[in-house]
1. What pairs come up if the first residue lies in the stretch 162-180 and is under 21 Å from residue 123 (Cβ atoms), the second is part of a loop (DSSP other than H, G, I, E, B), and their beta carbons are under 6 Å apart, counting only those six or more places apart or on different chains?
2. What residue, among those in the stretch 63-106 that are small (Gly, Ala, Ser) and modelled with pLDDT of 75 or more, is surrounded by the fewest Cβ atoms within 10 Å (Cβ to Cβ)?
3. Modelled with pLDDT under 90, loosely packed, with under 10 Cβ neighbours inside 10 Å and not polar (S, T, N, Q): which single residue out of 129, 111, 143, 161 fits that description?
4. Of (1) at pLDDT 85 or above; (2) outside any loop (DSSP other than H, G, I, E, B); (3) over 19 Å from residue 28 (Cα atoms), residue 60 satisfies all except one. Which?
5. Could you tell me whether any residue of the stretch 37-53 is surrounded by 15 or more Cβ atoms within 10 Å (Cβ to Cβ), among the charged types (D, E, K, R), modelled with pLDDT of 85 or more and not in a strand (DSSP E or B)?
Amino acid sequence: MMVTQQEIKQGMVVRSADGEKLGKVTRINPTTFEIEKGLFFTEEYLVRYDEVADIRDGELILTHGREHLAGDRGQARAAGGPIEKGEEIRVPLVEEEVTVGKTVQEVGRVRVTKQVVTEEQQIAVPVAREVVHVERVPASGERPAASDTLFEEGSISVPIREERVEVSTRPVVKEELRIGKDVIQEHETAKAKVRRETAEVRTEGDVSRERGRGEPEAIPPEEPPMERATGTGGRRR
């Protein structure tokens, strides 16, 4: 498998044939690319495109092991090597950022319980009933008696009636409970501890350098304390 320059991106992880992580791609050239090595990139290795066996899950797999890079070809820019024009070493400084998310949690409930209460009510209802009264009065005038009822024994039944109250109940909706929920927007303060990397630049020896834009001023090397003469002719520190 022959990869092309377009398939390789900066930051891709490079592994050897036995799965060892060698570093990440720091620079891409027309025929080669560079692999970082070490915390401060003191040595970087050049790899040809034909040395890539496969690309798996965004990672480059080489056809050989780490010893092949260190033994056969050596470093691309080892310490004490020739200085190239425009050469630079990049040191990334990492800083953590706070990411805030929200989750919905149940904090309480509203429970409505219905109970049946029995109470006695009194209602005045008008009712009617019949009352018997018997009155004897003399007959007015002479009225012949019916011949079929003369001198016969018998009885007459007269029903006496009255109204009775019948009580029944039926369910009627008198009122209802309406339970609603409102969403109130509030602000809460979230706290988190984050880390960030800072760099301290020191120079040693006779080094002339220019400070780049935004770069902190280099800390000069410490100088030995000055000697001063004493009254006995000797010197003391």
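1. Between residues of the stretch 162-180 that are under 21 Å from residue 123 (Cβ atoms) and residues that are part of a loop (DSSP other than H, G, I, E, B), the close pairs are 163/127; 163/128; 165/125.
2. Just the residues of the stretch 63-106 that are small (Gly, Ala, Ser), to begin with: 65, 70-71, 74, 76, 78-81, 86, 101.
Restricting the remaining residues to those that are modelled with pLDDT of 75 or more gives 65, 101.
Working: 65: 15, 101: 5.
Looking at residues that are small (Gly, Ala, Ser) and modelled with pLDDT of 75 or more, I get 101.
3. 143
4. (3)
5. Going through the stretch 37-53, the residues surrounded by 15 or more Cβ atoms within 10 Å (Cβ to Cβ) turn out to be 37, 41, 43-47, 49, 51-53.
Pick out the ones that are also among the charged types (D, E, K, R) and you get 37, 43-44, 51.
When the remaining residues are screened for being modelled with pLDDT of 85 or more, the result is 51.
From what is left, the residues that are not in a strand (DSSP E or B) are 51.
Taking every residue of the stretch 37-53 in turn, at least one turns out to be surrounded by 15 or more Cβ atoms within 10 Å (Cβ to Cβ), among the charged types (D, E, K, R), modelled with pLDDT of 85 or more and not in a strand (DSSP E or B).
The values are calculated or read from the model by the stated rules, or taken from the named source; none is laboratory data. No experiment lies behind these values; they were computed from the predicted model shown. So basically every Cβ, Gly included, is an ideal-geometry build from the backbone, and we count neighbours across all protein chains shown.
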